[in-house]
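The values are calculated or read from the model by the stated rules, or taken from the named source; none is laboratory data. All of these numbers come straight from a predicted model, not from anything done at the bench. No Cβ is skipped: glycine too gets one built from the backbone with ideal geometry, and neighbour counts run over all protein chains shown. Keep in mind that these areas ignore ligands, DNA and RNA; they rest on the heavy atoms of the full protein, side chains included. Shrake-Rupley method; radii C 1.70, N 1.55, O 1.52, S 1.80 Å.
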Amino acid sequence: MLSSISSQRVSHCGAVVATALALCLLSACGTMDTNRRASDARATINTPSAPARTPDVQAIPPTEEARSRFAEAVAAMEKVRFDEARAIFATLAERYPHMSGPHTNLGILSAQIDNDAARALAHFRAAVAAKPENAVAHNWMGVLYRKQGDYAEAEQHYRAALQAAPDYAYAHRNLGVLYDRYLDRPSDATRHYEAYRRLAQDGDALMAEVWLRTLREDALKRPEVAAMDAGAQP
């Protein structure tokens, strides 16, 4: 069982959204309460922390109707009515281009449902342009860039997610995987796996412990460590 968990380091982490957490991240608007785990985020449609992305577009405050429509879109996603949700979010994104939430959810739909990385990245860029501290959008951009082999961009966006939300468990997990499996930086990977273990739920904490154990075992196999061990033998 432990070996099967260990083998999930890339496949499980690369997807970012485990089944039990899919709805939580799908409904995230990009507004993070950094005093809570990022997995506790809930959908909101708040006034922006940045001006409109284009100077000729007035930053229109969201109306009660807009808030209601946003809630309808989230409910549609929870009921797997993705086309309905997409249409509502698209309307909101056009009407309120300074809002981060609609673009964040459109990006997630493009990435998870449509498997369209280019469109997803375009939405996530719009989301972080409107709200630079949108941790969910940055985390997703990290995943997509990692899948494209652009590890420098992936690292930048994971770090941006953690700067916005230091206790964002899944950004710690994904950054740990990047350092562990792709950049050969075991010390940095260990630090983020330890943070993930501290923040994760029971099952995921067990997975993090297995990854940490594997890193320790791999470290003992490195030539410089083996040479030290050999020198210490009588």
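For the reader, a short list of remarks on this structure follows.
- Sole residue being open to solvent by less than 30 Å² (accessible area, probe 1.4 Å), touching a Ser or Thr at 6+ places or on another chain (Cβ under 8 Å), farther than 27 Å from Arg191 by Cβ and at pLDDT 95 or above, chosen from Asn134, Asn105: Asn105
- The residues of the stretch 137-180 that are crowded, with 21+ Cβ neighbours inside 10 Å and polar (S, T, N, Q), listed by number, are Asn139, Asn174.
- Inside the stretch 185-224, residues that are surrounded by fewer than 14 Cβ atoms within 10 Å (Cβ to Cβ), assigned to a helix (DSSP H, G or I) and either under 17 Å from the mean Cα position of the chain (by Cα) or not small (Gly, Ala, Ser) (or both) make up a count of 10.
- The requirement of being over 21 Å from the mean Cα position of the chain (by Cα), at pLDDT 95 or above and open to solvent by less than 10 Å² (accessible area, probe 1.4 Å) is satisfied by Ala76.
- Which numbered condition Arg86 fails, given (1) at pLDDT below 95; (2) within 17 Å of Ala137 (Cα to Cα): (1)
- Residue within the stretch 157-165 that is outside any helix (DSSP H, G or I) and closer than 25 Å to Met77 by Cβ present: yes
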